[in-house]
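What follows is one structure encoded as structure tokens, with my remarks underneath.
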Amino acid sequence: MGDSVKFALRSDTLIKKKVNFLKELGKNKDINNSDIFIERALNDKSSIVRREATSSLGRLRDPKYKNVFVKITSDKDPKVVMQAIRALLAIGVTNKELRYLESLKNHKNEMIQASIRERQHHKTGNKNHKDHPGYLTNVTVNASTIEVMELIEDESVHLTFTSPPYYNARDYSFYESYEDYLDFLEACFKSVHRITKEGRFLIVNTSPIIVPRLSRQHSSKRYPIPFDLHNRIINNGWEFIDDIIWLKPEYSVKNRVGGFQQHRKPLGYKPNTTTEMLMVYRKKTDKLLDWNIRSYDLDIVSKSLVKGEFETTNVWKINPKSSKDHTAIFPKELCERVISYYSYVGDLVYDPFAGSGTFGATASKMGRNFFMTELDKGYFNVIRKNFINLDLFQKQEPRFYNLEDFKRAIHDFNG
Ligand SMILES: C[S@@+](CC[C@H](N)C(=O)[O-])C[C@H]1O[C@@H](n2cnc3c(N)ncnc32)[C@H](O)[C@@H]1O
């Protein structure tokens with residue numbers, strides 16, 4: 001064994017001994033040991049020892065050591081600082097000390113910032129969290145999503161799930177450039193952020209797309225939409241949570257591999273694309289998910305529990321749906337999973353690019369309220385027609401507006 005290894009082992013054993021000693025001493029809660037705790041908490045080389053000494057001093061719960069704990073909050077090790085903060089809060093702080101603690105929300109370390117913010121948030125209630133503005137209940141507006149969102153107050157919706165237009169790959173939308181398209185989606189998800197309740201989710205379904213080639217002299221162009229969109233979303237207040245892969249059977253997707261099947265020449269390989277992404281984001285907050293969950297009454301929690309089998313992986317095998325109503329319709333099963341895993345009964349869920357309205361209709365059947373926007377008059381009429389055929393047992397009948405009628409409805413609602 002080399003000298004340096006021996007020394008490391010020796011100092012490791014010494015640290016353990018010191019920690020055990022301080023722990024035992026701390027259990028006695030004897031004020032006569034306070035000098036030992038203070039000396040070790042402020043001066044020991046090992047931060048494990050400093051933390052234990054701080055903890056033992058904290059156990060004395062004696063206000064006369066509060067200035068020592070304040071001193072310890074300058075420790076280099078965030079864990080020691082957290083221990084000192086805990087001790088101060090347990091003893092009880094004056095307004096001046098509280099202001100000092102609150103200033104630590106600007107501490108360099110993110111764990112310390114979060115613990116201070118978390119504490120502040122615990123003081124603020126979340127009793128309105130489960131409610132939403134009545135003028136949005138089961139409403140579909142035939143207008144452009146951003147224009148509609150501008151009319152809506154902050155923190156109105158609980159969940160957004162959507163499949164935006166696929167750049168210029170389908171007929172229903174046109175953008176002058178890919179950059180314009182990304183700018184538009186960025187602005188859209190920024191608005192969604194504003195109208196989303198604190199700590200709630202946004203799920204964006206996209207996939208890389210191909211804009212077909214103009215002629216045999218040109219090549220088709222592939223756009224990696226989810227990857228290009230991701231930074232624009234997280235730069236606007238969303239926190240990345242999960243990437244879910246929607247896996248479709250190979251027979252259901254466009255065959256791209258046929259040419260390679262014949263010629264087998266490297267570089268010409270183009271796999272069949274059987275996946276789409278569901279990117280899951282949460283509106284940034286220091287509050288834990290538990291804070292969101294606690295806003296619901298027990299009976300809502302119990303009604304919303306995800307019963308029986310559920311998907312345990314981030315690969316969701318779901319057959320796509322084809323329909324005469326829309327070229328890119330959500331399968332009902334996809335909506336059901338999103339709704340049951342990311343919302344509670346009675347929530348307001350939003351689809352900014354509603355298409356044929358599958359998300360809203362499914363949400364309604366699952367006891368949620370929906371809000372949707374769809375630009376195309378033809379699709380808007382499809383949504384309306386489909387709802388007439390649904391028996392939804394909702395307290396609020398579905399309502400369909402153009403932009404002007406929607407403005408009037410908000411005005412009437414607000415009296
Ligand atoms: C991919 S499709 C959504 C299909 C939908 N998930 C379904 O289940 O039917 C995108 C939809 O967004 C609509 N759209 C495009 N631009 C829009 C905008 N600015 N505001 C609202 N809807 C828009 C299109 O008309 C299209 O129906």
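The values are calculated or read from the model by the stated rules, or taken from the named source; none is laboratory data. As the structure is a prediction and not an experimental result, all values here were calculated from the model. All Cβ positions, glycine included, derive from the backbone under ideal geometry; neighbour counts span all protein chains shown.
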The condition of being modelled with pLDDT under 95 and exposed (fewer than 14 other Cβ atoms within 10 Å of the Cβ) holds, among 287, 265, 324, 317, only for 324
Listed by first then second residue, the pairs whose first member lies in the range 125-154 and is within 25 Å of residue 186 (Cβ to Cβ) and assigned to a loop (DSSP other than H, G, I, E, B), whose partner is near the ligand (Cβ under 9 Å from one of its atoms) and at pLDDT 95 or above, with beta carbons under 8 Å and at least 6 positions apart or on separate chains, are 143/373; 143/375; 144/373; 144/375
field: residue 205 vs. criteria surrounded by 14 or more Cβ atoms within 10 Å (Cβ to Cβ), over 28 Å from residue 408 (Cβ atoms), in the same structural domain as residue 333 (by TED's automatic domain parsing) and of a type in the set (S, T, N, Q)
entry: yes
From the option list 84, 114, 90, single residue qualifying as under 27 Å from residue 341 (Cα atoms) and outside the structural domain of residue 331 (by TED's automatic domain parsing) is 114
When every residue in the range 180-195 that is away from the ligand (no atom under 11 Å from the Cβ) and more than 16 Å from residue 235 (Cα to Cα) is compared, the one surrounded by the most Cβ atoms within 10 Å (Cβ to Cβ) is 195
If we take the range 281-344, then helices (runs of 4 or more DSSP H) inside it with 1 or more residues that are under 14 Å from residue 161 (Cα atoms) are 332-342
Output yes when any residue across the range 386-398 is outside any loop (DSSP other than H, G, I, E, B) and within 13 Å of the ligand (Cβ to nearest atom), and no when none is.
yes
Within the range 315-374, the residues that are away from the ligand (no atom under 11 Å from the Cβ) and among the aromatic types (Phe, Trp, Tyr) are 316, 341, 342, 344, 350, 370, 371
The one condition residue 270 fails out of (1) modelled with pLDDT under 95; (2) within 30 Å of residue 354 (Cα to Cα) is (2)
When the range 20-54 is checked residue by residue, the ones that are among the hydrophobic types (A, V, I, L, M, F, W, C) and under 17 Å from residue 87 (Cβ atoms) are 22, 25, 31, 36, 37, 38, 41, 42, 48, 49, 53
